[in-house]
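A quick write-up on the structure given underneath.
Read-outs throughout are calculated quantities, based only on the coordinates presented, and are distinct from any laboratory measurement. Keep in mind the model is a prediction, meaning the values are calculated, not measured. No Cβ is skipped: glycine too gets one built from the backbone with ideal geometry, and neighbour counts run over all protein chains shown.
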Amino acid sequence: MTRAVIRSTGRYLPPRILTNETLSEWMDTSDEWIQKRTGIQQRHWIPEEGDVGASDLGYEAAVVALQRAGWRADELDLILFATLSPDLFFPGSGCLLQRRLGLRETPALDIRQQCTGFLYGMTTADAYIRSGLARRILLVGAEVHSTGLDISTRGRDVAVIFGDGAAAVCIEGVSADDDVGVLASALHADGTYAESLMVEAPASRFNPRINENMLRQGRQYPVMDGRNIFKLAVHRLPEVTAEVLQKAEVGLDQVDLFIPHQANLRINQAFEKTLNLPEGKVFHNIQRYGNTTAASIPLALDEAWEQGRIGPGGTVVFLGLGAGVTWGAVIHRFPDA
Ligand code: UT7
């Protein structure tokens, strides 16, 4: 059987670091509030000067992942690009990345599933590989949030959370009798909550898509019903984890590491508690990066691998919930060395 196996990872964080103290100079917030409510100590933002988009950050991460896999870009059968902050309204950031990789024909597909972009991307890659449509896939998650945040007190509940960054994985179809690669995935969406986390404008439903009045009202900035999203996450994440483990016929104690989307340290600690997981089974790095949305899970995987928290033969569960709302989980086993 052909299995979709993660061969390598790579990450890129722009070098500019924003501390909670700096944010406190711009809006009515404090290091204490941010750390207590979210766990975040700092985040990376793109430089103030210069046009840097999601595809530029994604490119840097992709180069690392490709080099670690030992693949040339022209050996790719497909590029998947997950982001909620595309460089342009259209065309997709995947096409811009494809161009920067020097490719002229390789298909590129954008995934607009926000915090679960990596989960939808892994599942799409798995389907392409199992069906024989592709053998080598590059999946990138990249975000530039900083250019779209309301950094006044009006936007403080959202602005303190998000960070810029990118991460990439190379996924390969391999023939294997063993249970390796993507073992199962579970994806869900509930559009009832579409307005609970959104950027309203510019949008095709408005003519013109944005106007001066809307800009004055701040409708170009993300808005979030934080409490509601929080409650949904705490409820849905353990549920979808149980679902994916059951599909894969893998027990909770056979999982070496859980890598949740990094939205709020308290959400992930609640997940840890609900599942009664022993210390060290859930990976956290939101403290240093904030919420990097589609980049957060592959970024955490890249660090977890580097730190030896997951390695050859290891079983990992990726999970998350975010705008849409969408939520899901993917279970993946790395082949033995
Ligand atoms: O990745 C996408 C998915 N997103 C999530 O999963 C996010 C889920 N939600 C959350 O992480 C949390 O709801 C937040 C971190 C956004 C907010 O934390 P909270 O504990 O739910 O706070 P809250 O919204 O209930 O607000 C509590 C108070 C309010 O003041 P009052 O009404 O009690 O006077 C807010 O106005 O905190 C105030 N507040 C702030 N104060 C200082 C909101 N943001 C800030 C801030 N600094 N940045």
- Query: Just the projected area, averaged over all directions, of the convex hull on the alpha carbon atoms of the chain: how many nm²?
  - Reply: 16.8
- Item | In Å, descending, principal axis extents of the Cα set of region 84-197 | 56, 34, 22
- Task: Using a 10 angstrom cutoff on alpha carbons, build the Gaussian network for the chain and name the most mobile of 134, 323, 194.
- Result: 194
- Task: Can you figure out the FRET efficiency of residue 35 with residue 127, using R₀ = 45 Å and their beta-carbon distance, to the nearest 0.05?
- Result: 0.65
- Once the principal axes of the Cα atoms of region 181-333 are found, what is the range along each, listed largest first in whole angstroms? 55, 30, 27
- Per principal axis, largest first, the Cα atoms of region 2-175 extend in Å by 54, 31, 27
- Query: Dividing the convex hull volume of the alpha carbon atoms of region 32-119 by its residue count, what do you get in Å³ per residue?
  - Reply: 143
- Task: Once you've got the GNM for the chain with C-alpha springs shorter than 10 Å, pick whichever of 94, 320, 218 has the biggest mean-square fluctuation.
- Result: 218
- Query: For the pair residue 284 and residue 104, what calculated FRET efficiency results from E = 1/(1 + (r/R0)^6), where r is the Cβ-Cβ distance and R0 = 41 Å, to the nearest 0.05?
  - Reply: 0.50
- Message: How much length would be gained if the chain were fully extended between residue 89 and residue 203, taking 0.36 nm per residue of separation minus their Cα-Cα distance, in nm to one decimal?
- Response: 40.1 nm
- Note on the structure: Each label sits 7 Å from Cα toward the beta-carbon; between residue 254 and residue 49 the label points are separated, in nm, by 5.6
- Message: Can you give me the distance in nm between label points at residue 21 and residue 177, each placed 7 Å from the Cα along the Cα-to-Cβ direction?
- Response: 6.1
- Tell me, which longest segment in the chain has none of the GluC sites (Glu not before Pro) that fall in DSSP loops with at most 16 further Cβ atoms within 10 Å? 106-248
- Semi-axes, largest first, in whole Å: what does sqrt of 5 times each Cα gyration tensor eigenvalue give for region 212-273? 35, 12, 10
- Message: I need the trypsin sites (Lys or Arg not before Pro) found in region 1-93, filtered to DSSP loop residues with at most 14 other beta carbons within 10 Å of theirs.
- Response: 72
